Amino acid sequence: MAHLLLIDALNLIRRIYAVDCEQSGLTDEQIIKSCTQRVKNATRKLLKASQASHAIAVFDGDRSWRYHLYPQYKATRKPMPSELKTSLETVATGFTEHNVKAYFPLQDEADDILATLAFKAASHGVSSTIVSTDKGFLPLISEHISVYDYFKQQTINADDVQKKFSIDKNKLHDFWGLMGDKTNDIPGVKGVGKKTAIDVLSEFGSVENALESQNLNATARKKIESDIDNFILSKSLVALRTDIEVGFTLKELRL
């Protein structure tokens, strides 16, 4: 049975690289060599665990649509170390030596491409596993799409999401739209924190329903209505696209 392994390449590589950097006395060249070998080992383990028939590792392109929609997107995020950035094609051999396609898009973010591939595969009844620690993939969890944390060696399910966020996975976009996402410099609604967001969504299911209800707390209503543009913007930024033109077919990803 076909199974698609989708690797969030930089999410995996940067964490492995950070561990290698902690080893004192290694030169930049030795760190890259170690990182490449660790990526190769991780790929082997992932292929074996998932029993994948198709696989791809996707990198981030430069300046996706989110930067054009909101210039402050990821503005305070620490940049990739230059030693790693200039060596990505070398590190990518950790994937390609296992015949896993390493894809470097020009502009699109890996998240949108991986979401698109998972969505398209699911629409044809093909299951996929997304390997990433990025919470943005969690709303995609379904019968045919699973999310796997390589570092915890854990497949994350809907119950895990509920336990972590105190909210259903289907409400996460509204949740992050309300409270924002500091890791990506996404603003959210001014004055709305986690508790208010959970209370609103637990009672009304969505922000739209909440604003239409006469029972919405007056303070929460005032905050949301006065900053509704930021809610709409933030919700757009956190939602992954599933309609990216990738230029290749599932058949081309066969191992």
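Checking the conditions here, which among Ala110, Ala9, Ala52, Ala102 is in contact (Cβ under 8 Å) with a residue 40 or more places away in the chain, closer than 19 Å to Thr155 by Cβ and surrounded by 14 or more Cβ atoms within 10 Å (Cβ to Cβ)? It would help to see each step written out before you state the result.
Working: Ala110 fails: closer than 19 Å to Thr155 by Cβ; Ala9 fails: closer than 19 Å to Thr155 by Cβ; Ala102 fails: closer than 19 Å to Thr155 by Cβ.
Testing whether each residue is in contact (Cβ under 8 Å) with a residue 40 or more places away in the chain, closer than 19 Å to Thr155 by Cβ and surrounded by 14 or more Cβ atoms within 10 Å (Cβ to Cβ) leaves just Ala52.
From (1) part of a loop (DSSP other than H, G, I, E, B); (2) of a type in the set (S, T, N, Q); (3) farther than 25 Å from Pro71 by Cβ, pick out the condition that doesn't hold for Thr242.
(3)
Would you confirm, using the coordinates I've provided, whether Ala118 is among the small types (Gly, Ala, Ser), in contact (Cβ under 8 Å) with a residue 60 or more places away in the chain and open to solvent by less than 10 Å² (accessible area, probe 1.4 Å)?
On the way: among the small types (Gly, Ala, Ser): yes; in contact (Cβ under 8 Å) with a residue 60 or more places away in the chain: yes; open to solvent by less than 10 Å² (accessible area, probe 1.4 Å): yes.
So Ala118 passes the test.
Checking Leu138 against (1) more than 17 Å from Lys45 (Cβ to Cβ); (2) open to solvent by 20 Å² or more (accessible area, probe 1.4 Å), which test does it fail?
The single condition Leu138 does not satisfy is (2).
For the stretch 49-152, please list each of the helices (runs of 4 or more DSSP H) lying entirely inside it that holds at least 1 residues being over 23 Å from Ala2 (Cα atoms).
Numbers: elements: 65-69, 82-85, 88-91, 93-96, 110-123.
Once the helices (runs of 4 or more DSSP H) in the stretch 49-152 are filtered for at least 1 residues that are over 23 Å from Ala2 (Cα atoms), what remains is 65-69, 82-85, 88-91, 93-96.
Is one or more of the residues making up the stretch 176-187 polar (S, T, N, Q) and over 29 Å from Pro79 (Cβ atoms)? Working first, answer last.
Step one: list which residues in the stretch 176-187 are polar (S, T, N, Q), which gives 183-184.
Retained after the next criterion (residues that are over 29 Å from Pro79 (Cβ atoms)): none.
Scanning the stretch 176-187 turns up no residue that is polar (S, T, N, Q) and over 29 Å from Pro79 (Cβ atoms).
Counting only residues that are among the small types (Gly, Ala, Ser), surrounded by 15 or more Cβ atoms within 10 Å (Cβ to Cβ) and in a helix (DSSP H, G or I), how many does the stretch 153-184 have?
1
Could you tell me how many of the residues in the stretch 185-226 are farther than 29 Å from Tyr67 by Cβ, outside any helix (DSSP H, G or I) and either open to solvent by 80 Å² or more (accessible area, probe 1.4 Å) or of a type in the set (Val, Ile, Thr) (or both)?
Residues that pass the stated criteria total 3.
Based on this model, can you work out whether Ile32 counts as buried (at least 20 other Cβ atoms within 10 Å of the Cβ), touching a residue at least 24 places away in the same chain (Cβ under 8 Å) and within 17 Å of Ser82 (Cα to Cα)? Reasoning before the result, please.
Working: buried (at least 20 other Cβ atoms within 10 Å of the Cβ): yes; touching a residue at least 24 places away in the same chain (Cβ under 8 Å): yes; within 17 Å of Ser82 (Cα to Cα): yes.
Answer is yes for this residue.
Look through Glu97, Glu89 and report the one residue that is touching a residue at least 40 places away in the same chain (Cβ under 8 Å), over 23 Å from Thr155 (Cβ atoms), open to solvent by 50 Å² or more (accessible area, probe 1.4 Å) and not hydroxyl-bearing (Ser, Thr, Tyr). If you could, list the steps in order and put the result at the bottom.
Working: Glu89 fails: touching a residue at least 40 places away in the same chain (Cβ under 8 Å).
Result of the check over Glu97, Glu89: Glu97.
Look at Ile16 and say whether it is open to solvent by less than 70 Å² (accessible area, probe 1.4 Å), part of a strand (DSSP E or B), assigned by the TED database to the domain that holds Phe95 and closer than 24 Å to Leu240 by Cβ. Break it down stepwise before answering.
Numbers: open to solvent by less than 70 Å² (accessible area, probe 1.4 Å): yes; part of a strand (DSSP E or B): no; assigned by the TED database to the domain that holds Phe95: yes; closer than 24 Å to Leu240 by Cβ: yes.
Criteria not met by Ile16.
Condition check: out of contact with any helix residue (DSSP H, G or I) (no Cβ under 8 Å at 6 or more places or on another chain), touching a residue at least 60 places away in the same chain (Cβ under 8 Å) and not polar (S, T, N, Q). Does Asp229 satisfy that?
Working: out of contact with any helix residue (DSSP H, G or I) (no Cβ under 8 Å at 6 or more places or on another chain): yes; touching a residue at least 60 places away in the same chain (Cβ under 8 Å): no; not polar (S, T, N, Q): yes.
Taking the combined requirement at face value, the residue does not satisfy it.
Do we find that Ser24 is free of Cβ contacts under 8 Å to residues at least 40 places away in the same chain and open to solvent by less than 90 Å² (accessible area, probe 1.4 Å) in this structure?
Working: free of Cβ contacts under 8 Å to residues at least 40 places away in the same chain: yes; open to solvent by less than 90 Å² (accessible area, probe 1.4 Å): no.
The answer is no for Ser24.
The values are calculated or read from the model by the stated rules, or taken from the named source; none is laboratory data. Quick caveat: nothing in here was measured; it's all calculated off a predicted structure. So basically every Cβ, Gly included, is an ideal-geometry build from the backbone, and we count neighbours across all protein chains shown. Remember, those area values only see protein heavy atoms, side chains included, never the ligands or the DNA or RNA. Shrake-Rupley method; radii C 1.70, N 1.55, O 1.52, S 1.80 Å.
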